[in-house]
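I have placed the structure first, in the form of structure tokens, so that the comments after it can refer back to it.
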Amino acid sequence: MAGEANEIKAEKNTGGKGTGTTPKKRREGIPFREVQKLLGLQRWEMFLALDTGLLSTLPDGSYNTASVEIALSDPTWTDRLKAQRWLNATEAAKQLGITTERFRRVVQTTGLKPVGTENWKYGRIIRYFRSCDVDSLMSLVALDVAERHVAAAENRTASAKKAAATRAHKLLLQKEARDLIALSEPTDDTHPVTALIWSFALSLNRYANRYTIPKHPLLQFIKDGKVKKAAAIVAQARFKPDEMIPLFDKAESIIRNRLSELSSVNETVYAIRPCRLVDVDKHMLLIAKRAAAVDIEQLKFDPPTWFSDLQNMAKIRQQLHDAEQKRAKQERETEKSVNNIFNNYLSDEAVAEIFGLSIDTVRQLRLTSKTGVYKNGKWGLDYIDTLVGNKPKWITSEKNAQFEVNRRREKKRRIKKTRAQKYRQKRE
């Protein structure tokens, strides 16, 4: 009885269907997560497959069982999905094995159109390309790479030939420089200047930093043009360090022993006749304005022909210089006179020439005059025109002019004396 009652109660509670819950509507397809697990895809790959039609959905949102079964049975389905993937420029270049800039150039050349764009920050636009379209460029890129390799190989061949020619040229220059150094190697009979030039050139390559110190006693020798030319030849010889050691030691020994054999050229040359040192350098071996003492003694007591010619040239040059200075002085004086007239005043010399008086008398007249004289010590042109027109007695002769000077001085003395007396009276 109790069992029958319970069954009746259950039927009442369930509406006569024999169960305690309302059954859900059964889906016809496969859920999203189950399809994702079956195919081993990521979330974005599921949406890509749906967008490209490789998977389809039913009205209730579940995936069509037939499309899922096709995906599981078709071995090329995954490759077809990858071919539909969107790639930006960096990813596409990586897939082709080239740089991003080169991929952009290829796209510009082929006219490949992007399948989508995305606005990025700072106004940038990211373009996306389909993976299968990117793969279609592989043959073009491979051909371009092959052409570049061929061109690079040709360039390397040309560069190798050029490098070999350069090495051969350097070896030839090295041999020539070493032969010249061997011929010019100083001995006891070598001229002191020549020996010191090569010695300083060898030392310059070893002690360059030492000789660049300001006020170094040997700096003037290092700066000599002959030493620099010899140092360039030494550098061209490209001696190895172990080859340079004996050359350095010999050069230092020559500098210590033979530097005292030099004497200043300036004192001797200018004492005999002021010849230009640059002219002497053409006929005599010099280094840092110094020459061998033997050569300087010869200039003093037995001057050669070229030195006599230099002396004559120096005399001619001095005469030309004096004549040019005189001409320039005359031009300055003429210009000064013209400027004086243009500026409405005359000098004492011009006034003396007009009236036939001495310059000293005209100067005394100017110093004692109260009118017609400018502060710069010149005569006013208008005042001189007045004197020429009126011709006062004191301007007619030297004697009258001197009398006028004395009169003005006496007048000035009396005025000064009167003022002094008035000042004393006022004080008393």
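Just so you know, all these numbers are worked out from the coordinates, no wet-lab data involved. Treat the numbers as computed from the prediction; the structure is a model and nothing was measured. Note: ideal-geometry Cβ built from the backbone for every residue, glycine included; neighbour counts use all protein chains shown.
Between segment 293-316 and segment 63-90, the alpha-carbon centres lie 104 Å apart.
For segment 86-136, what is the Kirkwood estimate of the hydrodynamic radius, computed as the reciprocal of the mean inverse distance between distinct Cα atoms, to one decimal in Å? Show your work: numbers first, answer last.
On the way: mean 1/r = 0.0903 Å⁻¹.
One over the average 1/r among Cα pairs gives 11.1 Å for segment 86-136.
Within 10 Å of each candidate Cβ there may be at most 15 other Cβ atoms; applying that plus a DSSP loop requirement, which chymotrypsin sites (Phe, Trp or Tyr not before Pro) in segment 33-102 survive? Could you put the intermediate results ahead of the total?
On the way: sites: Trp44, Phe47, Tyr63, Trp77, Trp86; in loops: none.
Of the chymotrypsin sites (Phe, Trp or Tyr not before Pro), not one in the loops of segment 33-102 has a Cβ with at most 15 other Cβ atoms within 10 Å.
Straight-distance candidates among the lysines for linking to Lys411, with alpha-carbon spacing under 30 Å and chain neighbours fewer than 8 residues away dropped: Lys370, Lys375, Lys378, Lys391, Lys393, Lys399, Lys422, Lys426.
Highest first, please rank the peptides 30-36, 315-321 by the mean number of other Cβ atoms sitting within 10 Å of their residues. Write out the running numbers ahead of the final one.
Numbers: 30-36: 15.1, 315-321: 11.1.
Averaged packing, sorted descending, gives the order 30-36, 315-321.
When each of Met138, Met284, Met244 is scored by the number of other beta-carbon atoms lying within 10 Å, the sequence from fewest to most is Met138, Met244, Met284. The chymotrypsin sites (Phe, Trp or Tyr not before Pro) of segment 103-180 that meet both conditions, a loop assignment by DSSP and at most 10 other Cβ atoms within 10 Å of the site Cβ, are Trp120.
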